[in-house]
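Some notes on the structure that comes next.
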Amino acid sequence: MTVRAYAPGRVNLIGEHTDYNDGFALPIALQVGTVAEFDGAPSGATIEVSSAQERGTVVIPLDTTPHGVGGWAAYVAGCVWALRDHGIDVPPGELRLSSDVPVGAGLSSSAALECAVLLALAPSNGLDRTELARVAQRAENAYVGAPTGLLDQMASLYGEDDTALLLDFRSLAVDPVPMRLGDDVLLAIDSRTPHQHAAGEYRRRREACEAAAAQLGVASLRDAPGDAWERLADDEIRRRARHVLTENRRVLDAAAALRGTDHSAFGVLMNASQASMRDDFEITVPAIDLIAATAVGLGAHGARMTGGGFGGTVIALAPEDAARRIADELPGLVARAGHPVPTVAAVRPGRGAHVLPEV
């Protein structure tokens, strides 16, 4: 029997680098994702994996251990290892993948792959969605070696149509927030700028946050009062902490703005988040900054980078007429400044990961 599972990519509306600080974020699942099809075999000790987006087949031993498989297939191997390490049996067989989540655009193609693979390999795993997110995170952290938080996996697993997710990374509570776009449009603007040194820089940001928490005498920046960053002597650590502490407040305010369908207020918070990521956390790049500023200049309520940084995608919330101007004019303006031509697409919240019906 073939098991087919789907998991979407995500856009984080606001709340960057807050997940590993026990903070808050407000993502949505997208209406693009990864499909994993698995045919189990009666015997054997490997899984053969192929992808419509990659050449060739990769053979993954069922007893694989961290870093045993490299490249794109490492995420699949990590899922195999993490499931078995969690006490869940993984059968041998053949796994086929296809995806329409752009790779490297900051839309979490990796989490979409992980969540789809986990559901295809173990559809009756007995885990709830939060536990499954932890298994996916363990695959990425311990096997692949990427020090990511839980945001991407939680968004992919808990997504709902026309709904944002207020995530509390201390309690792991998920609070659905209706996203009534009305006459406004949510745009994803892919900068087509490849991520530069993202893994190392991501790790350094995480280490700076841990240092800030230690100097403030708290277990996590979530425990620090809102102005605690002012007490930090080192300028870089102070600015990193200021981003996290102010971003947490912005997330809560943004959720309230969405509940009240106050898109102007939401846009102000998006712009403040973009400035904080640019100046305090220093995770944007010139193309991203130009795209965000140009979108606002063309009439968006607000615009900000989404994802871990150093490239990827800008999201903008705009009235319909401004959205048309952005789609028509922004790519050329950015290209004339010497950057790759970005692509602009309207997006909206979609359904989270699930096992697909048999065909």
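With a simple spin-label model that places each label point 7 Å from the Cα along the Cα-to-Cβ direction, the separation between E329 and R180 comes to 3.1 nm. For segment 18-99, the Kirkwood estimate of the hydrodynamic radius, built from every pair of different alpha carbons, is 14.4 Å.
Between G338, G78, G311, the residue with the greatest mean-square fluctuation in the GNM of the chain (Cα pairs under 10 Å linked by springs) is G338.
For E236, the shell of other residues with beta-carbons less than 13 Å away shows a net charge of -1, using +1 for Lys and Arg and -1 for Asp and Glu.
With kT/(6 pi eta Rh) evaluated at 20 °C and eta = 1.002 mPa s, and Rh the Kirkwood radius from Cα pairs, segment 136-203 diffuses with a coefficient of 146 µm²/s according to Stokes-Einstein. Placing unit charges on the Cβ atoms only, positive for Lys and Arg and negative for Asp and Glu, gives segment 1-53 a dipole magnitude near 160 debye about its Cα centre. Starting from the Cα of A219, move 7 Å in the Cα-to-Cβ direction to define the label point; list residues of segment 225-265 whose amide nitrogen is under 17 Å from there. So the set is 225. From least to most packed, judged by other beta carbons within 10 angstrom and beginning with the fewest, T246, T261, T284 follow the order T261, T246, T284.
Among A136, A105, A73, the largest mean-square fluctuation in a Gaussian network model of the chain, built with springs joining Cα atoms closer than 10 Å, belongs to A73. Take the Cβ atoms of E320 and R249, set R0 to 30 Å, and the FRET efficiency comes out at 0.50.
With the largest listed first and rounded to whole Å, the semi-axes of the equivalent ellipsoid of segment 49-153 from the Cα gyration tensor are 18, 17, 13. Indicate, rounded to the nearest 5 percent, the antiparallel portion of the DSSP beta bridges found entirely in the chain. In the chain, approximately 90 percent of DSSP beta bridges are antiparallel ones.
Annotation: the residues C79, C209, sorted from fewest to most other C-beta atoms within 10 Å of their own C-beta, follow the order C209, C79. What share of Cα pairs, in percent, lie more than 21 angstrom apart in segment 250-331? Percent of Cα pairs beyond 21 Å in segment 250-331: 26.
Eigenvalues of the alpha-carbon gyration tensor of the chain, scaled by 5 and square-rooted, set the equivalent ellipsoid semi-axes at 33, 24, 19 angstrom, largest first. Subtracting the Cα-Cα distance of S171 and D39 from their residue separation scaled by 0.36 nm leaves 43.9 nm. With the convex hull of the Cα atoms taken as the outline of segment 112-235, the averaged projected area works out to 11.1 nm². Binning the alpha carbon pair distances of segment 184-347 at 5 angstrom intervals from zero yields the distribution 1, 10, 17, 19, 18, 14, 11, 7, 3, 1, 0, expressed in whole percent. Treating each Cα of segment 221-273 as one equal point scatterer and applying the Debye formula with no solvent, the log10 of I(q)/I(0) at q = 0.23, 0.29 Å⁻¹ comes out as -0.81, -1.02. If you add up the charges near L356, with Lys and Arg at +1 and Asp and Glu at -1, over every other residue whose beta carbon is less than 12 angstrom from its beta carbon, what do you get? Every neighbour counted, the sum reads 0.
Just so you know, all these numbers are worked out from the coordinates, no wet-lab data involved. As the structure is a computational prediction, the values presented were derived from the model and not from experiment. Don't worry about glycine lacking a Cβ; one is built from the backbone with ideal geometry, like all the others, and counts go over all protein chains shown.
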